[in-house]
Amino acid sequence: MWVCTRDMGRPGVKAEALYQTACDLAAESGLHDRFMGYPTPVRFVGHGIGIEVDELPVVGLGSPHTLEEGMVLAIEPKFFFPGEGLAGLENTFVVTEQGLERLTFFDDAIQVL
């Protein structure tokens with residue numbers, strides 16, 4: 001999922017475009033109806049990071065924000081499975097001319113707690 005969105009996360013790209021790409025990838029996987037909540041999903045997959053916990057830009061539906069070089073984003077796609085639980089990832093990226101550069105390097109494999 002991340003290769004496509006990481007490459008497109010460059011300065012000048014609308015934050016909403018990253019959200020739409022994530023939705024498209026969820027649909028291609030057959031999990032769109034479980035993406036970002038169930039039965040009523042939230043309409044964002046990430047946000048900026050700075051002094052406050054959640055900052056602009058919002059990476060979501062209708063977001064008016066455009067990515068700028070140096071912005072730091074938390075991208076956190078999730079899938080909800082009623083009666084079973086939630087599966088999600090959250091990683092931190094910085095916007096560069098080459099795309100999103102990952103700043104967090106924890107293993108993305110399923111972690112059994």
Over the chain, relative contact order from alpha-carbon pairs under 8 Å, at least 6 apart, %: 28
Nothing charged except the Cβ atoms of Lys and Arg (+1) and of Asp and Glu (-1): what's the magnitude of the dipole of the chain about its Cα centre? Round to the nearest 20 debye. 220
For region 7-88, what % of the accessible area comes from carbon and sulfur atoms, probe 1.4 Å? 57
Hey, what's the chain come to in accessible area per residue, 1.4 Å probe, Å²? 60
What does the charge count near Ala27 come to, summing +1 for each Lys or Arg and -1 for each Asp or Glu among other residues with Cβ under 12 Å from its Cβ? -2
Along the principal axes of its C-alpha atoms, what lengths does the chain span, in descending order and rounded to whole Å? 41, 30, 27
Any idea what angle helix 15-28 forms with the longest principal axis of the chain, computed on alpha-carbon atoms, 0 to 90 degrees, nearest 10? 30
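The values are calculated or read from the model by the stated rules, or taken from the named source; none is laboratory data. Owing to the predicted nature of the structure, the values given are computational and were not obtained by experimental measurement. We place every Cβ from the backbone using ideal geometry, glycine too, and count neighbours over all the protein chains shown. What goes into the accessible areas is simple: the full protein's heavy atoms, side chains included, and nothing from ligands, DNA or RNA. Shrake-Rupley method; radii C 1.70, N 1.55, O 1.52, S 1.80 Å.
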